[in-house]
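Derivation of every value follows stated rules applied to the coordinates shown; laboratory data play no part. Since the structure is predicted, the reported quantities are computational estimates derived from the model, not experimental observations. Because the Cβ atoms are built from the backbone with ideal geometry, glycine has one as well, and the counts that use them run over all protein chains shown.
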Amino acid sequence: MRCLAALAVLFGIATGATAQTRVVRVPSKLLGEERIVHVHLPPNYDVAMQRYEVIYLLDGHVRPFFDITVAAAAYDLTGDARTYATPPQIVVGVDQRVRGEELGRNQELFTRFLVEELVPYIDHEYRTSHFRTLIGHSLGGRFALMTFCRAPGVFPAVIAISGAGGDSTGADATRRCLEKAFASDKGVLRHLVLGAGDREVRTLDGVRRLQAFLRASAPSNWRWTVIDGTGLGHTDTPLATIPPGIRFVQSDSVWDMPPALIEQAAADPERAVVDFHTALGARVGSPVSPSLKSMLAIARARVRQGNADASEAAIKKLIDAYPEDLEGYGMLSDVALRRNDTSKARRALDDAMRMLERLDYFDVYDRERKRQVIKDALAAIPR
């Protein structure tokens with residue numbers, strides 16, 4: 001007797017769910033005032049246990065920039081053929097009050113606010129993984145580029161949009177900053193995305209010069225790309241650069257565990273996953289917990305091996321780490337049924353139903369389908 005195969009198909013994590021955006025007032029001794037940031041938490045943050053990467057968006061008070069960053073930060077279409085989805089991330093929109101001062105004349109002070117006050121505040125208040133991406137446009141793009149030398153290591157990834165223009169003095173300062181960063185990174189990965197539109201000729205020329213400099217001088221631990229801006233003007237470039245920029249930072253070539261690695265370590269998939277993520281953490285410069293995908297792979301591998309004790313242990317670790325993913329409860333019920341333990345099988349599905357009611361779903365029909373699958377599975381278990 002076994003749990004319905006549909007459980008594995010329908011029990012995936014709640015995608016497209018509603019999430020939380022809150023206005024937060026952060027006291028700043030450095031700036032002598034409260035500063036407003038908009039903090040967007042991933043779907044089902046309150047029931048999840050995982051830690052999240054954080055995207056810091058300069059000019060976060062500009063609603064279109066903020067909204068597209070939020071959308072791009074967790075782009076994962078159910079049923080998409082891609083093997084790796086952009087992970088959900090916390091987005092912090094940093095409001096600018098007088099941007100010419102904060103991102104220009106007084107940029108050193110505003111950098112200190114970000115590094116010494118805002119980042120520690122966000123890390124204290126929310127479950128963060130300490131991997132951060134900084135996004136800036138125009139003056140904010142130049143500011144973001146300069147954090148590579150002003151705040152080394154704080155923002156391992158930078159998306160600098162329409163920010164490489166300016167006079168030769170500014171261009172020289174950017175190159176000197178990057179040269180300093182090249183010499184100090186010691187092999188830890190850095191990610192840089194540049195973008196400009198072909199309708200902002202001066203800025204595009206600056207990006208092309210910087211592109212040539214990176215091609216000639218960037219060390220192998222620097223990943224960089226230039227997003228095409230054909231047909232775009234200065235105000236268009238954020239909408240065309242932010243989504244592919246985030247996707248570049250989150251490339252499967254960096255973050256995803258190759259399926260062959262688990263297959264090669266079939267006898268001990270747990271060790272393979274731990275070793276991969278330990279090495280990944282050293283490579284990106286901050287600890288990386290095993291992903292949902294890799295923990296599901298462990299549980300499935302143990303189930304295929306047919307060892308009930310090892311299967312149950314792996315599934316329980318999956319549920320502890322990702323309680324919002326319903327597939328684990330279905331797997332646990334299935335293992336219990338194979339042991340003829342109908343009581344434990346029912347408890348696992350009851351837990352799934354309780355979790356389902358706590359999750360937020362944008363797709364109401366999806367919730368109803370999953371509720372019915374659980375009910376049908378419960379009805380199939382003899383009392």
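Some observations on this one:
- Taking 0.36 nm per residue of separation and subtracting the Cα-Cα distance, full extension of the segment from Glu125 to Thr235 would add 36.3 nm.
- Given charges at beta-carbon only (K, R positive; D, E negative), |dipole| of the chain in Debye: 440
- Once the Kirkwood radius over Cα pairs is known for the stretch 257-379, the Stokes-Einstein relation at 25 °C and 0.890 mPa s delivers a diffusion coefficient of 158 µm²/s.
- Per-residue extension of 0.36 nm, minus the Cα-Cα distance of Ala379 and Asp228, leaves a gain of 48.9 nm for this segment.
- Close amide H partners of Ser28, meaning residues 5 or more places away or on another chain with modelled amide H under 5 Å apart, are Glu33, Glu34, Arg35.
- Stretchable slack from Val254 to Arg371, in nm (0.36 nm times residue separation minus alpha-carbon distance): 38.5 nm
- Value of relative contact order over the stretch 202-345, rounded to a whole percent, pairs C-alpha under 8 Å and six or more apart: 11
- Placed amide H near Leu192: partners under 5 Å, 5+ positions off or other chain: Val158, Arg223, Trp224, Thr225
- The stretch 294-333 and the stretch 215-235: distance between their alpha carbon centers, rounded to Å: 41
- Label-point gap, in nm, between Val188 and Ile36 - each point 7 angstrom along Cα→Cβ: 3.4
- Under 24 Å between alpha carbons - lysine pairs in the chain that sit 8 or more apart or on different chains: 10
- Most tightly packed first, judged by the mean number of other beta-carbon atoms within 10 Å of their residues, the peptides 330-338, 222-230, 274-282 read 330-338, 222-230, 274-282.
- Structure-derived volume of the Cα convex hull per residue in Å³ - corresponding label in (1) 151; (2) 137; (3) 165: (2)
- Ranking Leu332, Ala48, Val284 by Cα position along the charge dipole of the chain, where only Lys, Arg, Asp and Glu carry charges on their C-beta atoms, puts Leu332 farthest toward the positive end.
- Legend: calculated FRET efficiency, Asp67 to Arg25, from the Cβ-Cβ distance at R0 = 22 Å, rounded to 0.05, equals 0.55.
- Per-residue 3J(HN,Hα) values for the stretch 272-289, derived from phi via the Karplus relation 6.51 cos²θ - 1.76 cosθ + 1.60 with θ = phi - 60°, read 4, 5, 4, 4, 4, 6, 5, 5, 5, x, 5, 6, 8, x, 7, x, 10, 7 Hz in sequence order (x marks Gly and Pro).
- Whole-Å distance, taken between Cα centres, linking the stretch 265-291 and the stretch 168-187: 32
- Modelled FRET efficiency - R0 56 Å, Asn106 with Ala308, Cβ distances, 0.05 increments: 0.35
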